[in-house]
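Presented below is the structure to which this report refers.
The values are calculated or read from the model by the stated rules, or taken from the named source; none is laboratory data. Please read these numbers as outputs of a predicted model, since none were measured by experiment. Every residue, glycine as well, gets a Cβ built from its backbone with ideal geometry; the counts of neighbours run over all protein chains shown. Heavy atoms of the whole protein, side chains included, go into the accessibility calculation; ligands, DNA and RNA do not. Shrake-Rupley method; radii C 1.70, N 1.55, O 1.52, S 1.80 Å.
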Amino acid sequence: GTGSVTATPEANDVEYLAPVTIGGQTLNLDFDSGSSDLWVFNSQLSSKATKGHTIYDPTQSNSFALMQGASFEISYGDGSGAAGNVGTDTVDIGGATVTAQAVELATAVSQSFVEDPNNNGLLGLAFSTINTVQPQQQKTFFDNVMSSLAEPLFTADLRAQAVGAYEFGQVDTSKFTGAMTWVPVNNTQGFWQFTSESFAVDGGAAQTSTAGAQAIADTGTTLMLADSAVATAYYAQVDGAVDDQTQGGFTFPCAATLPDLQIDVGGTMATVKGTDINFAQVDDATCFGGLQATTAGLQIYGDIFFKSNFVAFNGGNNSLGFAQH
Ligand SMILES: O=C(CCCl)NNC1=[NH+]CCN1
C-alpha cells in the first residue's frame with residue numbers, strides 16, 4: 001500500500017506538521033528523519049503543559065495497550081527533549097497503517113515544545129537502532145510499515161511557505177523536475193547519513209570543505225548546519241553579511257540577493273537555492289541565514305535543504321534519493 005499526508009509549515013518554515021491518526025484520534029506531529037521515537041502530547045501531562053495543544057487520550061482508545069515497565073527519554077540536537085511511558089496503538093498515516101505501533105506518552109516535555117501549540121509530538125523516521133525506549137527498544141512507524149508498502153521508502157516534499165507532503169510507499173515523480181540521484185547511506189549512527197565533503201557557491205569552483213565530512217538528512221532540524229568552511233565561503237559572497245554571534249550566526253542585509261549553494265550529497269552536487277537560504281528577518285534591514293556553521297563533526301541538512309530538494313528515503317537498500325523541486 002501507500003500513504004500520503006500534507007506537510008504544513010509553521011511561520012518562517014520553522015518546522016512542518018503532518019496529521020497522524022492514533023487509535024482514532026488525529027494529531028499534527030513533526031516528522032523527524034533525525035530521530036526515531038514517536039512521542040505525543042497526551043492526557044498524562046499537566047493542563048499547563050498541554051494548553052493550546054491537541055492531546056492523545058489513551059483511555060479514549062479501544063485499541064491502546066500499556067507497555068508495562070517501558071519508558072523513554074530523548075534529547076535532540078537543539079537541546080529540546082521529552083520523557084515518559086509507552087504503549088501501543090493503531091497508527092495511520094494517510095492510509096498506511098501499523099496496528100501495534102509503539103506510541104510514547106510524554107509525562108515531561110521541554111519548554112520549547114510547550115510553547116509551540118502547533119506541535120503535538122514527534123514522529124521519528126531515522127533508524128530504529130537509536131530509538132530510546134527501555135528496557136526493550138521499539139521500531140519506528142516506517143520500520144513497522146515498510147513490508148506492507150508498495151516500495152520500501154518514504155519521501156519528503158517540503159516547500160517554502162507552502163503545503164507539501166510526506167508519502168509512504170511510492171515516489172511521485174510529478175513532485176520534482178529532472179532526474180533523481182540515489183546515493184548510499186551509512187546508518188551506523190542511526191541516521192540517514194552520507195558523505196558531503198565539497199561545495200561551490202553560485203556555480204563557482206568546487207571547494208573542499210573537509211575530507212570525509214559526513215552529513216545527515218534531517219527534516220526535524222530547521223536550518224542547514226554545514227562545516228564552517230562552507231558557511232564562511234558562502235557568506236563571503238554576500239555583501240554586508242557578518243557572523244553576528246549576538247544573533248547566533250550569519251546575518252545579511254535583507255535586500256541582498258543570495259547566491260545558490262551547490263553541496264556534495266554522496267558524490268553528486270545538490271543545489272540549495274539562494275532564495276531558500278534567506279531564513280527570517282531579525283530586524284528592519286537584517287535577515288538571518290538558513291545556512292549556518294556547525295562545530296560538531298556531523299553536518300545536519302535540515303528543512304532549508306529540503307525546500308530545494310525532494311528527498312526519498314529508501315529503507316529497502318539504505319539509500320537516499322534527491323531531485324530538484
Ligand atoms: O535532533 C536532531 C539532530 C540529530 Cl543529529 N534532529 N531532530 C530534531 N528534532 C527536534 C529538534 N531536532
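Would you confirm, using the coordinates I've provided, whether Gly69 is open to solvent by 50 Å² or more (accessible area, probe 1.4 Å), on the phi > 0 side of the Ramachandran plot and either of a type outside the set (S, T, N, Q) or at pLDDT below 95 (or both)? Spelling it out, Gly69 is indeed open to solvent by 50 Å² or more (accessible area, probe 1.4 Å), on the phi > 0 side of the Ramachandran plot and either of a type outside the set (S, T, N, Q) or at pLDDT below 95 (or both).
Going through (1) at negative phi; (2) modelled with pLDDT of 95 or more; (3) open to solvent by 30 Å² or more (accessible area, probe 1.4 Å); (4) away from the ligand (no atom under 16 Å from the Cβ) one by one, Val230 falls short only on (3). Go over the candidates Ala285, Ala280, Ala293 one by one and state the one that is among the hydrophobic types (A, V, I, L, M, F, W, C), more than 14 Å from the ligand (Cβ to nearest atom) and under 25 Å from Gly212 (Cβ atoms). Within the list Ala285, Ala280, Ala293, the selection yields Ala293. Residues in segment 74-96 that are assigned to a strand (DSSP E or B), touching a residue at least 60 places away in the same chain (Cβ under 8 Å) and of a type outside the set (D, E, K, R): Thr90, Val91, Ile93, Ala96. Within segment 1-16, being within 16 Å of the ligand (Cβ to nearest atom) and open to solvent by less than 10 Å² (accessible area, probe 1.4 Å) holds for Ala7, Asp13, Tyr16.
Taken over segment 113-125, residues that are of a type in the set (D, E, K, R), in contact (Cβ under 8 Å) with a residue 24 or more places away in the chain and open to solvent by 40 Å² or more (accessible area, probe 1.4 Å) amount to 0.
Looking at Ser128, Ser63, Ser110, which is the one that is more than 16 Å from the ligand (Cβ to nearest atom), modelled with pLDDT of 95 or more, open to solvent by 10 Å² or more (accessible area, probe 1.4 Å) and not acidic (Asp, Glu)?
Ser63
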